[in-house]
Amino acid sequence: MNLSKSLYTKAIQCPKVLWLKKYKKEVLTPPDSSALAIFETGNVVGELACQLFADGKEVLYSKNYDDMIAQTQRYLNEGVKAIYEATFNFEGILVMVDVLSVEDDGSVCIYEVKSSTSVKEIYLHDASIQHYVLKGLGYSVKSTNIVHINNTYVRGDELELNELFSVVDVSAEVGSLQAGISTRLKEFEEYLEDKVNEPNIEIGSHCNKPYECDAKAYCWRVQRHVPAYSVFNIFNLGSKKQVELYDQGIINIGDIPENFDMTALQKQKVQNYKSKTTYIDEEKIEEFVETLAYPIYHLDFETFQQAVPEFKGISPFEQIPFQYSLHIEHENGMLEHKEFLAQDGTDPREAIAKRLCADIPKNVTTLAYNMSFEKGVIKRLASSFESLASHLLTINENMHDLMVPFQKKYYVTPDMNGSYSIKYVLPALVPKMAEAYKELDGVQNGSQAMSAFANMTKLNDEEKRKMRNALLEYCKLDTLAMVEVLRKLKRDIK
Ligand code: SF4
């Protein structure tokens, strides 16, 4: 059997996806822009982690893995002490070790680099198959380690690699996984021997763990006809009640029996779906609206993250604000718009904090959708810029959350699919605004905005101008959408 390390870990999640990857690739969903950004981050982090191991040599990628294996051997023969992407094959199992460190006594240490901030269980399987291959080839493996990002690190003037990365020795865990590997490989081999029939594996919580499976659209929608809004949205995936319904062949919310045991919230969602009616608690919404004093400052930030912090005072994966849009709504309905978009390639935090203080006076109502995000951004700015801290924290104190009426179920429509995310609330309340996003050129959602800004330094002047316009148009629409949602709420309680 021919199997790579990445296919082995996929198969650990579900043997069916291994089969599909080998024999029915066309049904798999290709990676989207955020998945590609994660791969890119992984590459950057992987290359940087190599610098932890001095005087190493890299095995250059080749489609012919035998060339990579031969190059690895040459480096071993030459006495190279650290080999990046060291490649081995044992009985058809191909692994590329991120960093192989060769000790003076000839034993080796395996280092698997991950761009995440902790050791996840799947990484142990990833490391264990590398250990299995090297042991099988007769190497003495002294230790197996996971190298991951330390998210408590705060960058100083320089990047301190030894602090940015945490190295965790997982030899014991990997050792205890060795006994099960041969059996697992045999099981995978049996699945792959039948090239015609797919493994008959049911959908379940494993479809999302540890990663959302790229066969989900195929297994769920195409094969099992699970609708976009189904019992899986009412009951937690893998929960007793969800499994009970699924075992009875019930996936449509409309088919849930009237007497099925549910919590009050689950019942409300089901009733709302079945009756196809909109529920509006006018009294509660009025109470909410009355907490907002005019003028209302509708605020939305865009942020990006860096696995490897480029700026002093930043931690890995910290949300760094680079843009905001602000619609100021006056009592007479008049709207003013203000915005900020940082220059790419610079630390945007101080400039954005100053402009925010200039644009939002101390004692006004600021409105955000899911304000914990905006408050978190402002709080971090306040802790970084002492002279602005008092003003910034006042903005936070006066912030209200437009998500509350939906989160607390004061306003529920069947089109919200049981969700209070703006992704569902906006098309349900103001469909024309939701359509407006689809007409935007270049940037249509937060993750596209994030990667557009993070990659802007790579663009030429003309491309940059266009991308900046796209970002401004997108963010502006976010706060305009909030204005429209609030207006709709007010209309519906009159
Ligand atoms: S979607 Fe679920 S059942 Fe289908 S291959 Fe993936 S993990 Fe397996």
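The values are calculated or read from the model by the stated rules, or taken from the named source; none is laboratory data. Keep in mind that what you see is a predicted model, and the values were worked out from it rather than measured. Ideal geometry is used to build each Cβ from the backbone, glycine not excepted, and the neighbour counts take in all protein chains shown.
One table, with the values for the structure above:
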{"read-out": "Residue ID - farthest from Phe304 (Cα to Cα), chosen from residues in the stretch 12-28 that are more than 10 Å from the ligand (Cβ to nearest atom) and in contact (Cβ under 8 Å) with a residue 12 or more places away in the chain", "value": "Tyr23"}
{"read-out": "Near pairs, Cβ below 8 angstrom, 6+ apart or cross-chain, from the stretch 198-218 (closer than 15 Å to Leu7 by Cα) to any residue that is acidic (Asp, Glu) and more than 9 Å from the ligand (Cβ to nearest atom)", "value": "Pro210/Glu121"}
{"read-out": "Which numbered condition Glu198 misses (of (1) within 16 Å of the ligand (Cβ to nearest atom); (2) crowded, with 16+ Cβ neighbours inside 10 Å; (3) assigned to a helix (DSSP H, G or I))", "value": "(3)"}
{"read-out": "From Ser451, Ser387, residue being assigned to a helix (DSSP H, G or I) and modelled with pLDDT of 90 or more", "value": "Ser387"}
{"read-out": "Evaluation of Cys14 against (1) touching a strand residue (DSSP E or B) at 6+ places or on another chain (Cβ under 8 Å); (2) surrounded by 15 or more Cβ atoms within 10 Å (Cβ to Cβ) (one fails), failing number", "value": "(1)"}
{"read-out": "Residue match in the stretch 187-207 (condition: aliphatic (A, V, I, L, M), more than 30 Å from Lys135 (Cα to Cα) and under 27 Å from the mean Cα position of the chain (by Cα))", "value": "yes"}
{"read-out": "Counted residues, the stretch 209-223 - those being outside any helix (DSSP H, G or I), loosely packed, with under 15 Cβ neighbours inside 10 Å and near the ligand (Cβ under 9 Å from one of its atoms)", "value": "1"}
{"read-out": "Helices (runs of 4 or more DSSP H) completely within the stretch 234-339 that count 3 or more residues being hydrophobic (A, V, I, L, M, F, W, C)", "value": "264-275, 282-290"}
{"read-out": "Filtered residues of the stretch 65-91 (kept if in contact with an Asp or Glu (Cβ under 9 Å, 6 or more places away or on another chain) and part of a loop (DSSP other than H, G, I, E, B))", "value": "Val80, Lys81"}
{"read-out": "Any hit, the stretch 36-54, residues being within 16 Å of the ligand (Cβ to nearest atom), surrounded by 19 or more Cβ atoms within 10 Å (Cβ to Cβ) and either in a helix (DSSP H, G or I) or modelled with pLDDT of 95 or more (or both)", "value": "no"}
{"read-out": "Qualifying residue in the stretch 354-365 (condition: part of a strand (DSSP E or B), more than 19 Å from Ala449 (Cβ to Cβ) and in contact (Cβ under 8 Å) with a residue 12 or more places away in the chain)", "value": "yes"}
{"read-out": "Of residues in the stretch 1-11 being part of a helix (DSSP H, G or I) and either away from the ligand (no atom under 11 Å from the Cβ) or touching a Pro at 6+ places or on another chain (Cβ under 8 Å) (or both), the one nearest to Tyr211 (Cα to Cα)", "value": "Thr9"}
{"read-out": "Among the residues listed as Ile181, Ile250, the single one being farther than 29 Å from Phe39 by Cα and either assigned by TED's automatic domain parsing to the domain that holds Tyr420 or more than 16 Å from the ligand (Cβ to nearest atom) (or both)", "value": "Ile250"}
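One line per residue, one yes/no per condition, for (1) under 27 Å from Tyr61 (Cα atoms); (2) polar (S, T, N, Q):
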{"residue": "Thr87", "(1), (2)": "yes, yes"}
{"residue": "Asp105", "(1), (2)": "no, no"}
{"residue": "Tyr123", "(1), (2)": "yes, no"}
{"residue": "Ser128", "(1), (2)": "yes, yes"}
{"residue": "Gly136", "(1), (2)": "yes, no"}
{"residue": "Val141", "(1), (2)": "yes, no"}
{"residue": "Val154", "(1), (2)": "no, no"}
{"residue": "Phe165", "(1), (2)": "yes, no"}
{"residue": "Glu173", "(1), (2)": "no, no"}
